[in-house]
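Take a look at the structure below.
Each reported figure results from applying straightforward, stated rules to the coordinates on display, with no laboratory input. Being a predicted model, the structure only gives us computed values, none of them experimental. FYI the Cβ positions are ideal-geometry reconstructions off the backbone, even for glycines, and counts take in every protein chain you see.
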Ligand SMILES: *Cc1c(COP(=O)(O)O)cnc(C)c1O
């Protein structure tokens with residue numbers, strides 16, 4: 001549409017409605033959704049219990065203000081703290097905003113300890129958002145280019161490289177925190193080794209750095225546990241959530257534990273919309289539905305079927321470099337740019353994504369059923385083979 005600023009090279013397709021893992025296009029075609037609005041629609045489309053929870057809440061109260069108490073927000077904070085081992089939550093409207101809160105929290109934590117230039121260790125290929133501070137923390141020159149001057153106070157190290165972090169620890173006394181994605185999503189589905197996560201966590205404890213995990217994409221059951229960091233057996237100081245949290249309504253959260261939960265005082269941070277009754281009702285319903293329907297188990301089960309099917313169908317195929325991921329967050333790395341696969345998949349009525357130029361990314365809804373998993377494999381594998389042969 002010509003009245004939109006030119007921020008997206010959009011596919012020529014709009015949808016009218018959806019149901020479960022399926023979306024109907026204006027063109028009358030029915031698409032299998034293996035992307036979930038980029039890890040947002042974990043419950044699929046038009047889940048009746050979610051729809052009812054949102055409609056009921058809209059009929060009672062949509063917005064008041066954070067200058068009053070908000071019961072739905074308190075309930076959601078309590079539930080998320082129970083699930084994650086955190087002590088408190090701040091709610092906002094997106095992943096970038098949740099990371100902004102974490103960055104501000106880490107800086108204030110540093111200043112409260114007399115550190116004048118609080119510095120956060122971030123990773124190569126990291127993705128933390130597009131606001132100026134989160135863009136500065138992001139490890140993509142392509143995303144940053146043209147928006148200089150960037151925010152200072154970040155040191156970048158290679159992912160999965162403990163020696164690099166140790167080297168920073170030795171030469172930089174201003175470090176206050178590490179910010180890590182347990183699996184890098186936008187960066188190309190790179191999985192942090194469990195041993196690395198444990199060593200990083202331990203170093204943070206020794207140095208009194210905050211161990212902050214950006215689970216905007218990996219959180220909320222995406223990898224088969226509520227949070228990916230559980231699988232490494234570590235409990236972070238700061239946990240950042242968004243995407244799947246509200247099943248499509250905009251909500252982000254920055255949760256904190258221990259000393260990190262004591263940093264903010266009234267006046268330090270805030271938001272007009274964040275944590276309103278409507279989005280919190282959607283997030284509470286999401287937690288209920290995920291529990292009732294066993295969606296963590298399902299994410300693990302379907303994820304395993306998918307990755308095994310992909311490996312069976314694509315391993316050894318020339319041009320396939322790697323197949324990796326956890327739960328329903330999977331990547332197929334090819335030896336060449338493969339953005340065209342998105343359009344080729346559309347012709348097969350399949351919605352996928354390509355990130356980091358060469359990585360086919362699958363983020364299907366957590367409600368995926370056996371037959372749908374088979375269908376993704378049946379549509380995708382021949383497509384990738386044809387693409388590589390062609
Ligand atoms: C998507 C994403 C963000 C940014 O979230 P927005 O809601 O787009 O601001 C931050 N971190 C990670 C890991 C993400 O995947």
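Observations
- Computed [θ] at 222 nm, helices only, for the chain once each DSSP H run of length n ≥ 4 contributes -39500 (n - 2.57): -12000 deg cm²/dmol
- Each residue in 272, 134 was given a count of other beta-carbon atoms within 10 angstrom of its own, and listing them fewest first yields 272, 134.
- Fraction of antiparallel bridges per DSSP, the chain only, in percent to nearest 5: 65 percent
- Within a Gaussian network of the chain (alpha carbon springs, distance under 10 Å), most fluctuating of 21, 312, 101: 312
- Alpha-carbon geometry of segment 177-242: the Rg and the Dmax are 11.0, 31 Å, given in that order.
- Sequence of 125, 243, 265 once ranked by neighbouring C-beta atoms within 10 Å, starting from the fewest: 265, 125, 243
- If you model segment 10-127 as an ellipsoid using its alpha carbon gyration tensor, with each semi-axis the square root of five times an eigenvalue, the axes come out at 36, 23, 13 Å, biggest first.
- Most fluctuating residue given options 165, 195, 213, as computed from a GNM of the chain linking Cα atoms under 10 Å: 195
- Prolate/oblate/rounded label for segment 239-390 (Cα gyration tensor, a/c 1.5): prolate
- When the P(r) is computed for the chain, the part past 33 Å accounts for 31% of the Cα-Cα pairs.
- Backbone N atoms of segment 288-331 closer than 19 Å to the 7 Å Cα→Cβ label point of residue 386 belong to residues 310, 313-315, 317-320.
- For the chain, built as a Gaussian network whose Cα springs stay under 10 Å, the top-fluctuating residue of 149, 277, 250: 149
- When all alpha carbon pairs of segment 187-306 are counted in 5 Å bins from zero, the resulting P(r) reads 2, 10, 16, 20, 20, 15, 11, 5, 1, 0 %.
- Stokes-Einstein diffusion for segment 108-164, with the hydrodynamic radius set to the Kirkwood value over Cα pairs and evaluated at 20 °C in a medium of 1.002 mPa s, equals 175 µm²/s.
- Burial ordering of 128, 190, fewest other beta-carbon atoms within 10 Å first: 190, 128
- log10 of Debye I(q)/I(0), alpha-carbon scatterers only, for segment 348-388 at 0.16, 0.28, 0.29 Å⁻¹: -0.44, -1.13, -1.17
- Gap separating the Cα centres of segment 299-314 and segment 137-178, nearest whole Å: 34 Å
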